[in-house]
1. Sorted by average packing, counted as other Cβ atoms within 10 angstrom per residue and highest first, what order do 159-168, 268-277 take?
2. Which chymotrypsin sites (Phe, Trp or Tyr not before Pro) from the stretch 18-102 combine a DSSP loop assignment with at most 11 other Cβ atoms within 10 Å?
3. First measure r as the distance between the Cβ atoms of residue 41 and residue 117, then evaluate 1/(1 + (r/R0)^6) with R0 = 35 Å and state the FRET efficiency to the nearest 0.05.
4. Explain nothing, just the number: dipole magnitude of the chain about its Cα centre with +1 on each Lys and Arg Cβ and -1 on each Asp and Glu Cβ, in debye rounded to the nearest 20.
5. Mind checking which of 215, 157, 19 has the largest fluctuation in a GNM of the chain, springs on alpha carbons under 10 Å?
6. With angles folded into 0 to 90 degrees, how steeply does helix 87-98 sit against the dominant principal axis of the chain? Use alpha carbons for both and round to 10.
7. For residue 240, list the lysines whose Cα falls under 24 Å from its own Cα; do not include residues on the same chain fewer than 8 positions away.
8. Could you give the angle, 0 to 90 degrees to the nearest 10, between helix 201-212's Cα long axis and the longest principal axis of the Cα atoms of the chain?
Amino acid sequence: MLPKDQPTQLYRGRFAPSPSGDLHFGSLIAAVGSYLEAKRHHGEWLLRIEDLDPPRVVTGASSAILKTLEQHHLYWDHPVLYQSKQTKQYHQALKQLATSGLLFGCHCTRNQLKEHRLYPGNCINAALSLDYHAVRIQAETMTLSTRDPWQGVQRWPLKQAVGDFIIRRADGVYSYQLAVVVDDYLQKITHVVRGSDLLDSTPRQIYLQQKLDYPTPLYSHLPVAGGRNGNKLSKQNLAKPLNSATAPQNIFQALQFLGQHPPQDLERSSLTTLWQWAEENWKADHVPHQPMITVEFR
Ligand SMILES: [Zn+2]
């Protein structure tokens with residue numbers, strides 16, 4: 001089934017980095033793509049810091065990210081939302097989901113699950129306590145689909161593609177999927193523009209939206225930057241932090257990556273001139289319809 005139609009309303013996009021390190025060229029692409037889509041629709045662009053998982057948060061990374069965005073003239077609307085301050089809202093959503101009868105407590109160890117691509121259903125009949133163990137949601141038999149402008153029509157038979165997935169970990173940390181769905185709802189996000197590496201999260205998020213009776217935003221997945229080894233450029237494989245001293249060149253290269261054709265002389269111009277060109281000339285249909293593009297220069 002296709003997501004519910006959105007009533008005519010203000011476009012609201014967002015950028016949601018996790019503060020596990022500095023911004024790099026890969027994250028800049030998602031920022032620039034989501035920003036320009038929001039501007040093209042005369043909408044708003046919100047910023048969310050996904051600092052949900054304490055062990056992954058690097059001290060000082062949040063403020064470094066905000067500073068880097070500002071140095072690239074990527075200015076957001078409304079106050080920044082920090083996931084670490086949203087625990088009550090996530091718990092509320094967990095309680096709401098519990099009324100569906102689809103949640104169960106999971107006591108499986110990492111070892112018990114390591115051979116399985118999908119959750120094997122060991123604990124499906126276990127009682128649910130919201131207090132101490134991991135919580136999963138049962139995947140119902142249904143097919144979810146979206147029409148992605150860059151990645152094409154996506155179809156997910158939920159049970160086979162996703163299986164029963166984690167809503168809250170045993171250590172009490174709410175899952176990325178639940179947190180994102182609650183935050184997108186509370187921030188009234190209408191359009192999610194992000195990297196294709198998050199395509200797999202989309203059916204989980206649409207499913208949770210349906211169970212929570214939230215509207216589903218429109219999802220668009222940009223190509224991600226890959227290294228020569230075919231892996232996504234990421235903090236994990238030590239992509240270089242963005243150098244704000246070369247901000248205009250960084251934006252210029254991000255625009256080129258996204259299939260735009262900024263005139264060559266703009267590479268040496270000011271950020272203001274470059275952004276003005278980008279906002280006037282952004283063409284969403286020029287973005288390559290590919291999940292990944294190899295970049296040679298980083
Ligand atoms: Zn289990």
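The numbers here are math on the coordinates, done by the rules we state, and not lab data. From a predicted model like this one, the values you see are computed outputs, not experimental measurements. Cβ atoms come from the backbone with ideal geometry, glycine included; neighbour counts cover every protein chain shown.
1. Per-residue Cβ counts within 10 Å, averaged per peptide and sorted highest first, yield 159-168, 268-277.
2. Those satisfying the criteria are 75.
3. In this case the efficiency is close to 0.40.
4. Result for the chain is approximately 580 debye, rounded to the nearest 20.
5. Among 215, 157, 19, the largest mean-square fluctuation in the Gaussian network model of the chain belongs to 157.
6. 50
7. 67, 232
8. Tilt relative to the chain: about 60 degrees.
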